[in-house]
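The values are calculated or read from the model by the stated rules, or taken from the named source; none is laboratory data. Just so you know, these numbers come straight off a predicted model, no measurement behind them. Cβ placement follows ideal geometry from the backbone for every residue including glycine, while neighbour counts extend to all protein chains displayed.
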Amino acid sequence: MYKQWRSRQLRASGLTINDVQADSDYNLQVHDEAFYCSAALRGFLGFGEAYAGGAWECRRPVSYTHLTLP
């Protein structure tokens with residue numbers, strides 16, 4: 001449930017998740033499925049904590065988070 005919700009949210013912003021064919025600095029690679037729950041329940045704090053814990057990565061994480069901030 002959280003995975004689908006967060007994926008829809010990010011796609012609406014023009015960002016991709018786990019797209020192996022995307023050659024974008026903003027293609028989020030999720031390594032731990034717990035990321036979706038953390039981001040959904042804790043918002044941007046959970047998003048950042050998941051990054052610090054290695055749950056996700058992308059080429060330009062700072063730019064990525066600037067694109068996703070409200």
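Values computed for the structure shown
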item: Residues of the stretch 30-46 satisfying the condition of being of a type outside the set (Lys, Arg) and either assigned to a helix (DSSP H, G or I) or at positive phi (or both); result: Ala34, Phe35, Tyr36, Cys37, Ser38, Ala39, Ala40, Leu41, Gly43, Phe44, Leu45, Gly46
item: Criterion violated by Ala55 - all others in (1) at pLDDT below 85; (2) surrounded by 16 or more Cβ atoms within 10 Å (Cβ to Cβ); (3) touching a helix residue (DSSP H, G or I) at 6+ places or on another chain (Cβ under 6 Å) satisfied; result: (1)
